[in-house]
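Here is the structure we will look at.
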Amino acid sequence: MDIVSLSKGVPEMAINGDEPPPPPYVFNKQSIFGSIDVSPPYGPFPVIDISLFSPPSSSADVHNELEKLRSALISARCFQVIGHGISSSFLDKVRELGKQFFELPMEEKQKYARPTNQVEGYGSNMIVSENQVLDWSDRLSLSVFPEDTRNFHYWPQNPSGFREMLNEYAKEVKSVEQTLYKAIAKSLNLEENSFLKMVGERAPVRARFNFYPRCSRPDLVLGVKPHSDTGGITILLQDKDVEGLQVRIDGNWFKIAIIPDALVINLGDQMQIMSNGIFKSPLHRVVTNPEKLRMSVAVVSEAEVDKEIGAVDELVNEERPRLYKNVKNFGAVVYESYQKEQIALDTITA
Ligand code: OGA
Ligand code: NI
């Protein structure tokens, strides 16, 4: 398998029928994260109604929902949110236009191709090491905030309406993200802006459209390998019909159910650092499907690159000493540790 044939991209191979997956995609069954089980049990992931965090909720309702949030983050690691105010029809439109983009001819998609060693644009795997097992997915990654960092030459003009959709969706999701940063702080009895101040007003936010073509061997190939997200909060819109996302809790994999209008929330490594390890970034992966393609949209927020992040002062005490060193540009730490096959958080323990 040479780079030329890989550059065909995953979907083209899948469209060619049910050929066995090329070797670089075959996931090692001996992985420390367990073998692939396409259908483990559903996990205990709670559904949080974030409309309860705004007026006119009673303080008892707010208190209950914050407690539910805190215990969800500690035990289940991951949860879904409803009451976010984004309409069901608009969520369908986001999914539909996303899918339409990936279904365009390769030549059209290549107009937005991600340059080597850059994160923005359309492409499949970013090759960072020789032995890397490849993910069975295509992605379109776009910077959405701060607004003056938008690189419109990567924003598809086809399908029509895509740019307007993303502009609108980014705004909506940003508001959900702000609500969550505040609620998570309040759930720990912190001032509501504790995390927001640390990530900064110009915290970069990226939208990543993920496309998972059919795959003839879900037992051998993953849509996305086990990973934790590296930023603060990830807000994920799942496919409405096809499952695939799994989260690891205490050494076991669990499926995330589809709740059509809900958004799935994952905390990233930076949130683990800022919460002094009280909240952890869960390991998750995506399995493939032999019959149906799947698509999702992840919106990830990170701290400003030049801002030092570390545990919020109030969360460090004698019983709970500081777990991680303060760090700037955590993205670079992640990149380096990936190449050395290390876990990024393990490289910055205090
Ligand atoms: C991701 C991710 C899950 C999914 O984009 O980081 O974990 O369901 N996506 O696509
Ligand atoms: Ni992820």
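The values are calculated or read from the model by the stated rules, or taken from the named source; none is laboratory data. Just so we're clear, the structure is a prediction, and the values are computed from it rather than from any experiment. All Cβ positions, even for glycine, are placed from backbone atoms using ideal geometry, and neighbour counts span all protein chains on display. Remember, those area values only see protein heavy atoms, side chains included, never the ligands or the DNA or RNA. Shrake-Rupley method; radii C 1.70, N 1.55, O 1.52, S 1.80 Å.
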- Semi-axes of the equivalent ellipsoid of the range 173-218: what are they in whole Å, largest first, if each equals the square root of 5 times a C-alpha gyration tensor eigenvalue? 33, 14, 8
- Item | Loop-resident sites, the range 199-299, for GluC sites (Glu not before Pro), counting at most 14 other Cβ within 10 Å (DSSP) | Glu201, Glu291
- Task: Compute the long axis of helix 330-339 from its Cα atoms, compare it with the longest principal axis of the Cα atoms of the chain, and write down the angle in degrees, 0 to 90, nearest 10.
- Result: 40 degrees
- Message: At 10 °C and a viscosity of 1.306 mPa s, what translational diffusion coefficient does Stokes-Einstein give for the range 128-264, taking Rh as the Kirkwood radius over Cα pairs? Give it in µm²/s as a whole number.
- Response: 90 µm²/s
- Message: Tell me the carbon and sulfur percent of the accessible area for the chain, rounded to whole percent, probe radius 1.4 Å.
- Response: 49 percent
- Task: Grab every C-alpha pair in the range 191-350, bin the distances at 10 angstrom width from 0 up to the longest one, and report whole percents.
- Result: 10, 35, 34, 17, 4, 0
- Message: Can you tell me the orientation of helix 88-102 relative to the chain, as the angle in degrees between its alpha-carbon axis and the longest Cα principal axis, to the nearest 10?
- Response: 40 degrees
- Select from Pro204, Asn64, Tyr122 the residue farthest towards the positive end of the dipole of the chain; place +1 on Cβ of Lys and Arg, -1 on Cβ of Asp and Glu, and compute about the Cα centre. Tyr122
- If one computes the Cα centroid of the range 305-348 and of the range 50-115, what distance in Å separates the two points? 26 Å
- Query: Measuring with a 1.4 Å probe in the full set of protein chains, what accessible area per residue, in whole Å², belongs to the range 144-196?
  - Reply: 44 Å²
- Message: Test of understanding: express the Cα radius of gyration of the chain as a ratio to 2.2 N^0.38 Å, with N the residue count.
- Response: 0.97
- Item | Accessible surface of His227 - all protein chains present, 1.4 Å probe, nearest 10 Å² | 50 Å²
- Given R₀ = 51 Å, FRET efficiency for Val26-Ser58 by Cβ-Cβ distance, to 0.05? 0.40
- Value of [θ]222 nm, deg cm²/dmol, for the chain, DSSP H segments ≥ 4, -39500 (n - 2.57) each, nearest 500: -7500 deg cm²/dmol
- Task: Under 24 Å Cα to Cα from Lys280, which lysines show up? Leave out anything in the same chain fewer than 8 places away.
- Result: Lys68, Lys174, Lys182, Lys186, Lys197, Lys225, Lys255, Lys307, Lys325, Lys328, Lys340
- In the range 134-187, the GluC sites (Glu not before Pro) that fall in loop regions by DSSP, at most 12 other Cβ within 10 Å: none
- Starting with the highest mean, order 295-305, 113-123, 262-272 by the number of other Cβ atoms within 10 Å, averaged over the residues of each peptide. 262-272, 295-305, 113-123
- Extension gain from Arg202 to Asp241, taking 0.36 nm per residue of separation minus the Cα-Cα distance: 10.5 nm
- Largest to smallest accessible area among Asp135, Asp61, Asp241 [probe 1.4 Å]: Asp241, Asp61, Asp135
- Query: Modelled label-to-label distance, Thr149 and Thr116, 7 Å Cα→beta-carbon offset: nm?
  - Reply: 2.5 nm
